[in-house]
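The values are calculated or read from the model by the stated rules, or taken from the named source; none is laboratory data. Keep in mind the model is a prediction, meaning the values are calculated, not measured. Cβ placement follows ideal geometry from the backbone for every residue including glycine, while neighbour counts extend to all protein chains displayed. Accessible surface is based on the protein model in full, side chains and every heavy atom, while ligands, DNA and RNA are left aside. Shrake-Rupley method; radii C 1.70, N 1.55, O 1.52, S 1.80 Å.
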Amino acid sequence: MSVLDVSPVIPVVVLEEAESAVQLARALVDGGVPIIEITLRTPAALEAVRAVAAEVPDILLGVGTVVSPADVQRAVRAGAGFLVAPGTTPTLLKATGDIGIPLLPGVSTVSEVLTALEHGISELKFFPAQQCGGAPFLAALRSPLPQVRFCPTGGISAANALDYLALSNVGCVGGSWLTPTDAVRRRDFARIQALAAEAAALRRRAR
Ligand code: 3PG
């Protein structure tokens, strides 16, 4: 199954403490969202990835904010099931060409979409979505580039996710709203599970 078809929302997670990772991942699964993107934005990130890879086998584990070949290697060694990058560079595309797991490269222009297609990648992160034209931008790409599907991310929440999910070239959206900083800090996994349950219901309402 494609990374874009697992859930209407890929939760983008910033973890300050690796100790929270396993319970957080289980809360997402229990809420109906069996996918997570742990971002490489904190010193705890890789330990968190290793813990989730070892202890939550029923979640599709992504590593995000991958910006260099070294990040690619670290993420794969830690147990990543897929990678997410905020942008698209030839170096990154080359580094991920033969790793055997999917990469969602970030794009915000048509030329970046074409670069990804030249490397055989047709499922892309549209980032930062709200700031770069939002749902109308993706709607405009459906006719010239019907072979591409997107995971828009950046500025998306429960309030506007359906604008994107209603589009035929959007597989899912990404966002950090399922794991708010205060809930993660307080280890409020019940709240995270409830937010995941709301997110899991989004596609039913959109289509
Ligand atoms: C990302 O890395 O994809 C974004 O930081 C998530 O964007 P959001 O915080 O606006 O949801």
(message) Quick check on residue 83: is it closer than 30 Å to residue 166 by Cα and without any contact (Cβ under 8 Å) to a residue 24 or more places away in the chain?
(response) yes
(request) Kindly indicate the residue of the stretch 4-30 that is farther than 28 Å from residue 148 by Cα and of a type in the set (S, T, N, Q) and also nearest to the ligand (Cβ to nearest atom) among those meeting that condition. (result) 20
(message) Can you name every one of the strands (runs of 3 or more DSSP E) wholly within the stretch 89-179 that holds 3 or more residues which are within 12 Å of the ligand (Cβ to nearest atom), open to solvent by less than 10 Å² (accessible area, probe 1.4 Å) and not polar (S, T, N, Q)?
(response) 173-175
(request) Give the residue that is surrounded by the fewest Cβ atoms within 10 Å (Cβ to Cβ), with candidates limited to residues of the stretch 44-65 that are within 22 Å of residue 154 (Cα to Cα) and out of contact with any helix residue (DSSP H, G or I) (no Cβ under 6 Å at 6 or more places or on another chain). (result) 60
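Which residues, counting only those in the stretch 42-66, are over 19 Å from residue 150 (Cα atoms) and within 16 Å of the ligand (Cβ to nearest atom)?
Once the filter is applied, which keeps residues that are over 19 Å from residue 150 (Cα atoms) and within 16 Å of the ligand (Cβ to nearest atom), the stretch 42-66 yields 42, 45, 48, 49.
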(message) Whether any residue in the stretch 41-55 is in contact with a strand residue (DSSP E or B) (Cβ under 9 Å, 6 or more places away or on another chain) and touching a residue at least 40 places away in the same chain (Cβ under 8 Å) is what I want to check.
(response) no
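Could you tell me which of the residues 129, 140, 158 is over 13 Å from the mean Cα position of the chain (by Cα), closer than 24 Å to residue 176 by Cβ and among the small types (Gly, Ala, Ser)?
Answer to the selection: 158.
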(request) Within the stretch 180-197, track down each residue that is touching a residue at least 40 places away in the same chain (Cβ under 8 Å), farther than 12 Å from residue 7 by Cβ, assigned to a helix (DSSP H, G or I) and touching a helix residue (DSSP H, G or I) at 6+ places or on another chain (Cβ under 8 Å). (result) 184, 189, 190, 192, 193, 194, 195
